[in-house]
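The values are calculated or read from the model by the stated rules, or taken from the named source; none is laboratory data. This is a predicted model, so every value here is computed, not measured. Cβ placement follows ideal geometry from the backbone for every residue including glycine, while neighbour counts extend to all protein chains displayed.
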Amino acid sequence: MWVAYIIISQIVIGMVCCGVIFLIWKLTSGRGIKFF
Amino acid sequence: MALAVALIYFVVIIVISVIQSRKNVKSSDDFTKAGGGMNWLLVTFSFVLVPLGSGHTLSLWQTATSGIGASAVWWAIGAGAIFLPLMMLWFGPWVKDTRLGTMPEIIERMFGRGLGSLHAAFQTMTWTGIGISETIATGTAIFGLTGGNLNKNYCIIIGIVLMLVYVLFGGVLQMAFLNVINSIVLLVGSYTALGFLGIYLAGNAAGWDGAGWAMIQDIYNNVGTQAEMGLTAIRDFLITDQGLGIGQYLVGGQLSNFQLGNSALWFEVILPVVVLHTTAGVVSQCMNTPFFAAKDNHACRKGVFLGCGLNIVSCIPWVVMSLVGMALPKVLEAAATNPNVKDATADIVPLLAIEALPAPIVGLMMVSLLAACLSTGGSILMGNGMVIASDVIKRPWKPNMSDKSFMVLLRVCIVIMALILVIGALNMTVVFPVFLWCFSFGIPVFVVYFLGQIWKISRPAAWITILASYVVGIIWTFPDTLGYSLPSWATGPLSLNMYVCSIVSVVLGVVLTAILPGTPGLRTKKYQEMHPEFAFERT
């Protein structure tokens, strides 16, 4: 179903992008920060 | 009925949030920065809703219905999964570190009072344009709530009044409370409407090749089906008689969000949203308001995945509904015949809701659209009002103004900004190109701001870069009006001023900062040693 496909693919792509940026921040933030 | 429900909803939540926040709002600092004590949840919800207004709803479904199709949802990837984490992890904490109150104030500290004032003026103009888009979208939501029975201009006026109430009484803290509630309403309302639309489609699918959502797919993929349903005739009527482009792209593939071979998707959706948000957004007051108000850097960063998740899924119901609306003859007929429809591409979703959904669900859905647009519009009013009151009036002319007088001034500025928005909104219909044009003015400011943070502050380089980029942007905007022609390569996407402004800003910004004299960047160790009073702890 095309609607479900759009929703799932959007979540996957979005979370991957956000995760990559977060990883870059985590690796470059020096001392880092306690996150959760 | 639906309008009454929506108005009651907003009045109730606004009154509750005013009562809640009034206890905590004693000074202008409380009003504009929530006393600098917002926790991570309030920061996250406040920030998520700033770039999530008409850009994710009205303007996006207009883009979807004019050739991009379901791939328009990439806008939210750019805003929610790229810009949002960059802002929450880096740029937001950067402004928090300065311990100042507004973006022009930061620019002033880096590049002097002149450039601070210039930024105040241009950023107000930029966000006025974007605020006009939000006001139109708010009016569209109210149009849907009235069942299409109220003139759109009256809807816009009701919208601006709601927007004012959203921000005028309790300031940032009130907005933060409202944003938490509205984020939830936004998602619940729009996805519930999507579910009911599925039920409607399943109930009206008899006689077609597929049931429910598959019926829509069949209509898009099959020209014969379109002719059989009478869609072709209505579409031609809308295009030729009313000059509306709606429905002309009803072709297979529009329901896929992976039309990555479509250059318009890249040049008119993905690149603009990433470039413009991560430039103009970073140096704008309204995007940074939640970070100025944050308790600490940890509060800026903690909600990054939650914020991203909320932002990226919020646009989907609107895009899907606009694509469904275009495939249903009854909806297009309503667009062609309703005298209150100013622009069919803008009104397609409310018209679909009126046709296909039960009245309470129309109400819920339009409340969720209002929730998105009011929060962004409110942030823009707050940001612009703050910049005018603080950076244009108070600091240069009346630095010793009492706190009480400043609060009055701030509220007057917010009301004046609202009047400007409503005048613009009553005279415009198309939203998306306005976004792109307005955002372009933030590009050079971001380039010099970024370089000035991490590398070197060069005042002459900053002035030349910003002014040159503005001149080029204006040259790119008015060739027809002023009677000259652009270079032959400036066609298609390159005719948009954002690309040429970006190139000019980056090239001039980097080269001039390298060769002209300057001082160490704001975040460099050297600067911190030279100005111990501005030093901050790196976290």
Next item on the list: Say whether the condition of being in contact with a helix residue (DSSP H, G or I) (Cβ under 9 Å, 6 or more places away or on another chain) and either charged (D, E, K, R) or at pLDDT below 85 (or both) is met by at least one residue in segment B:305-319.
Entry: no
Item checked: Residue match in segment B:412-431 (condition: surrounded by fewer than 19 Cβ atoms within 10 Å (Cβ to Cβ), within 17 Å of the chain's Cα centre (by Cα) and not β-branched (V, I, T)) -> yes
Check: In segment B:283-296, is there at least one residue being within 19 Å of the chain's Cα centre (by Cα) and over 27 Å from B:F122 (Cα atoms)?
Finding: no
Note to self: Here is a check on your reading of the model: is B:A468 part of a helix (DSSP H, G or I), modelled with pLDDT of 90 or more and outside the structural domain of B:L162 (by TED's automatic domain parsing)?
What the structure shows: yes
Notebook entry, point to check: How many of the residues in segment B:46-67 are away from every other protein chain (no Cβ under 13 Å) and in a helix (DSSP H, G or I)?
Noted result: 11
Checklist line | Criterion (away from chain A (no Cβ under 14 Å) and under 20 Å from the mean Cα position of the chain (by Cα)) met by exactly one of B:I107, B:I181 | finding: B:I181
Checklist line | Checklist (1) exposed (fewer than 15 other Cβ atoms within 10 Å of the Cβ); (2) modelled with pLDDT of 95 or more applied to B:A461, failing item | finding: (1)
Note to self: Let me confirm something: among B:G518, B:G483, B:G492, which residue is surrounded by fewer than 16 Cβ atoms within 10 Å (Cβ to Cβ), touching a residue at least 12 places away in the same chain (Cβ under 8 Å) and more than 20 Å from B:V95 (Cβ to Cβ)?
What the structure shows: B:G492
Margin query: Go through segment B:496-527 and report how many residues are in contact with a Ser or Thr (Cβ under 6 Å, 6 or more places away or on another chain), over 9 Å from B:S458 (Cα atoms) and polar (S, T, N, Q).
Written below: 2
Notebook entry, point to check: Is it the case that B:I77 is surrounded by fewer than 24 Cβ atoms within 10 Å (Cβ to Cβ), under 21 Å from the mean Cα position of the chain (by Cα) and at pLDDT 90 or above?
Noted result: no
Check: Hey, any hits in segment B:327-343 for a residue that's within 19 Å of B:I82 (Cβ to Cβ) and either more than 9 Å from every other protein chain (Cβ to nearest Cβ) or assigned to a helix (DSSP H, G or I) (or both)?
Finding: no
Note to self: If the requirement is being of a type in the set (F, W, Y), in contact (Cβ under 8 Å) with a residue 40 or more places away in the chain and under 23 Å from B:A327 (Cα atoms), which of these qualifies: B:F169, B:F143?
What the structure shows: B:F143
Item checked: Qualifying residues in segment B:151-189 (those that are among the hydroxyl-bearing types (S, T, Y) and closer than 25 Å to B:I312 by Cβ) - the one modelled with the highest pLDDT -> B:S183
Next item on the list: Search segment B:255-271 for residues being of a type outside the set (A, V, I, L, M, F, W, C) and surrounded by fewer than 23 Cβ atoms within 10 Å (Cβ to Cβ), and hand back the single one that is farthest from the other protein chains (Cβ to nearest Cβ).
Entry: B:S263
Note to self: Among the residues of segment B:200-214, what is the count of those that are under 16 Å from B:G325 (Cβ atoms), assigned to a helix (DSSP H, G or I) and either at pLDDT below 85 or in the same structural domain as B:V412 (by TED's automatic domain parsing) (or both)?
What the structure shows: 2
Next item on the list: Of the numbered conditions (1) assigned to a helix (DSSP H, G or I); (2) hydrophobic (A, V, I, L, M, F, W, C); (3) more than 25 Å from B:I380 (Cα to Cα); (4) free of Cβ contacts under 8 Å to residues at least 40 places away in the same chain, B:I474 fails exactly one; give the number of that condition.
Entry: (3)
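Just give me the residues in segment B:105-123 being surrounded by fewer than 17 Cβ atoms within 10 Å (Cβ to Cβ) and assigned to a helix (DSSP H, G or I), in sequence order.
B:R113, B:G114, B:A121
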Note to self: I'd like the full set of residues that are within 10 Å of chain A (Cβ to nearest Cβ), buried (at least 23 other Cβ atoms within 10 Å of the Cβ) and among the small types (G, A, S), limited to segment B:291-313.
What the structure shows: B:G307
Next item on the list: Out of the residues in segment B:184-204 that are closer than 20 Å to B:A6 by Cβ and among the small types (G, A, S), state the one that is farthest from the chain's Cα centre (by Cα).
Entry: B:G195
